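Report on the structure given below.
The values are calculated or read from the model by the stated rules, or taken from the named source; none is laboratory data. Model, not experiment: these values are computed from the prediction. Counting neighbours? That spans all protein chains shown, and the Cβs are built from the backbone with ideal geometry, glycine included.
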Amino acid sequence: MNQPFLLGTLALALSQLPAQAATELPTPAFPQYKNSAAIKSACDSGLKAAGQRVLQLEKRKVDAGWLAAYDDFYTFLEDTQYPIEFVLNVHPDKPVREAAQACSLRWADFSSRVGQNAKLYRALKAAPTRDEIDRELVRVSLAGFEDSGVALPPKARARAKQLLDKSSELSQQFEKNVRDAGVKVSFTEAELKGVPDSVWKDAKRDAQGRIVLGVDYPSYVPVLQSAESGAARERMWLAKTNEGGAANLQLLAQVVQARQEYAALFGFKDYVDFNLRRRMAKDGATAMKFLDEVKAAVIEGERADLLELRAAKAQHLGTPVEATKVERWDASFYAERIRKQRFSVDQEAFREFFPPQESLLFSMRVIEKMMGVKYTPVKAQTWHPEVQAFAVSEAATGKPLATMYVDLYPRDGKYNHAAVWPLRSSSTRLDRKPAAALVVNFDRKGLTLDEVETLLHELGHAVHNNLSATRYASQGGTSVMHDFVEAPSQMLEDWVYDKQVLKLMAEVCPSCKPVPDAMVDQAVAAREYGKGTQVGRQHLYASYDLVLHTAAKPDPMGLWARMEGATPLGHVQGTMFPAGFAHLVGGYGAGYYGYLWSLVMAMDLRGEFKADKLGPAVGARYRNIILGQGGQRPAPELVREFLGREPSNKAFFDYLRK
């Protein structure tokens, strides 16, 4: 996500839904960057115009219209800067991505200069406010300037800018190393016994005739979950775990060191307290206390899971349990075997029920039912021929609301996880329609139920952007406290386990086989299996992030080896997971705890939909209070209003202890 997370062609996509003239629901044209020169030209002109706008804003009288003018500047940045910073993650041509990365660094330099602009800071302080929305805009914007160092003494302010720019450069190089790694692993057909033919049958072969697979999720997950060969699983797991390379360990250490020095400029003992002081958690001690409570609730489950995995491996290999060791590349494989044996659940079996394009339409249909909106495919130029564009409108009136782009499949050089980029934010005062890009990497032959859950999660971010109705663009959609931003998406993950919800597939694909009720029941029964291990892993990521960002001399690999080594599954010597942990160099640095923190909110929010997950009355209330308000009111206020009470962690901890 910009911070500050198909059947193949658009023609086929357009054939899947009822036709509606594109002229009725226009979508903003996505900038076309045909080569690196086009990026360079857009970058030069955009930065020049942005500089002129800063001068105009500095000279502008601080009157009742100043906040609107300030927000107009923000919308200009969205339209000129954001598309370039987005395509560096998805454009099919490497020279274009590299030019976009170079441009992004120039924008980072510009942004750090604007963040330290004392004239704008003073004007913002003096700007008249008419209501709570204006006051919230001023409060959050002033915090942004202050966090950029505008109020520091001159020498410290200059050093702060150096550190901001250095962090941007290091972070981008880290992410590029992962994105462009192009890791491949070769297997014999015998080694892929158990892996569905659809995963490898059409894959390229190397000179020895071996099957060549990448570490993208449509390849990685089936091999880890299904390959009978432990050696094959090990090679795939090692390739993915070491994807970022040794260079990224050094880059991560430098990023963390720069952040520590940055926090010290403001008088903070570490970056964690500096970063969290404006979030729901408020400080590192509170976040760590929360994580300790999570760990206490799942530790026994983690240990019990490991014992079951050992027993399953011993039974499979015919070895004594006491002499059997579960390796990290074994965990997914034996967890799947247990699910199949105990619950008769096979994730691969769901693929025939969830073709990719129809799964996308199904997910959008869920939102249509809940929120009273309609998705219509529209023709649009994008960054790749397989990308689809959808206009979002009010179902009752046809009023245009937003645009959503969807990029479903993996390709070389593309961001290889799942995320949403908010490209434009809403602004009711400008009648500005938001736009978001949903980027995932799914198997063309179908989705597992887990992947449908991922799709709904990411769609939740896009919906947060698309259904925002804020006065100011800078408060739109996902511009909320960062330890709340995942909650609207995590809330929707539960929807794929509801039979009533799943029956919506028939509305978008009458010819698709419905998921048998028995399979749904089995999936629900199996859902909580292994949650000790799953939540324990999230706890490890979150606590590692906090501890790393409090270290005087960060040693990413040494710390990871110690912390992972203390978990039931232990650490594999020579592996370097932090080298690919891109969240830490991006917007989740010293904030990864937010995934679990948001989950507390998400589970509490779900309670309002208990009677009917598709209920339009509750959906409308949720849309108006939680999604529509974006960041123009603090997240805790929105949650309290929607629930009609103080938020509670009961649902979350009940789930953990069940």
Quiz prompt | Scope the range 415-451; condition surrounded by fewer than 21 Cβ atoms within 10 Å (Cβ to Cβ), among the polar types (S, T, N, Q) and over 20 Å from Ala473 (Cα atoms); matching residues | solution = none
Quiz prompt | Total residues in the range 408-449, condition out of contact with any helix residue (DSSP H, G or I) (no Cβ under 6 Å at 6 or more places or on another chain) and among the acidic types (Asp, Glu) | solution = 2
Quiz item: Residues that are among the charged types (D, E, K, R), surrounded by fewer than 22 Cβ atoms within 10 Å (Cβ to Cβ) and under 21 Å from the mean Cα position of the chain (by Cα): which helices (runs of 4 or more DSSP H) entirely in the range 526-634 hold 2 or more of them?
Solution: 531-548
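Residue-wise test of (1) of a type in the set (A, V, I, L, M, F, W, C); (2) under 30 Å from Gln173 (Cα atoms).
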residue	(1), (2)
Gln347	no, no
Glu358	no, no
Ser363	no, no
Val373	yes, no
Glu394	no, no
Pro400	no, no
Tyr405	no, yes
Asp412	no, yes
Ser427	no, no
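Anything in the range 49-68 that is within 21 Å of Leu88 (Cα to Cα) and charged (D, E, K, R)? List them, or say none. Steps first, please.
Applying the first criterion (within 21 Å of Leu88 (Cα to Cα)) to the range 49-68 yields 50.
The answer is none; no residue qualifies.
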Quiz item: For the range 157-180, which residues satisfy the criterion of being more than 22 Å from Tyr588 (Cα to Cα) and small (Gly, Ala, Ser)?
Solution: Ala158
Self-check item: Members of the range 134-156 that are surrounded by fewer than 17 Cβ atoms within 10 Å (Cβ to Cβ) and over 26 Å from Leu584 (Cβ atoms)
Solution: Arg135, Arg139, Leu142, Ala151, Pro153, Pro154, Lys155
Quiz item: Does Gly209 count as over 30 Å from Trp107 (Cα atoms) and crowded, with 17+ Cβ neighbours inside 10 Å?
Solution: no
Quiz item: When you go through (1) among the charged types (D, E, K, R); (2) buried (at least 17 other Cβ atoms within 10 Å of the Cβ); (3) farther than 25 Å from Met481 by Cβ one by one for Glu78, which number turns out not to apply?
Solution: (3)
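Among the candidates Thr454, Thr470, single out the residue that is among the β-branched types (Val, Ile, Thr), modelled with pLDDT of 95 or more and surrounded by fewer than 23 Cβ atoms within 10 Å (Cβ to Cβ). Break it down into steps so the answer makes sense when it comes.
Values: Thr470 fails: surrounded by fewer than 23 Cβ atoms within 10 Å (Cβ to Cβ).
Just one listed residue meets the conditions, Thr454.
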Quiz item: Does the range 276-283 contain at least one residue that is closer than 21 Å to Leu559 by Cα and buried (at least 19 other Cβ atoms within 10 Å of the Cβ)?
Solution: no
Quiz item: Out of the range 157-172, which residues are among the polar types (S, T, N, Q) and buried (at least 18 other Cβ atoms within 10 Å of the Cβ)?
Solution: Ser167, Ser168, Ser171, Gln172
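Could you grab me the full set of residues in the range 178-190 that are assigned to a helix (DSSP H, G or I) and either modelled with pLDDT under 95 or buried (at least 21 other Cβ atoms within 10 Å of the Cβ) (or both)?
Of all residues in the range 178-190, those assigned to a helix (DSSP H, G or I) come to 178-179, 190.
Residues satisfying the conditions are Val178, Arg179.
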Quiz item: How many residues does the range 367-398 hold that are surrounded by fewer than 16 Cβ atoms within 10 Å (Cβ to Cβ) and closer than 16 Å to Ala435 by Cβ?
Solution: 2
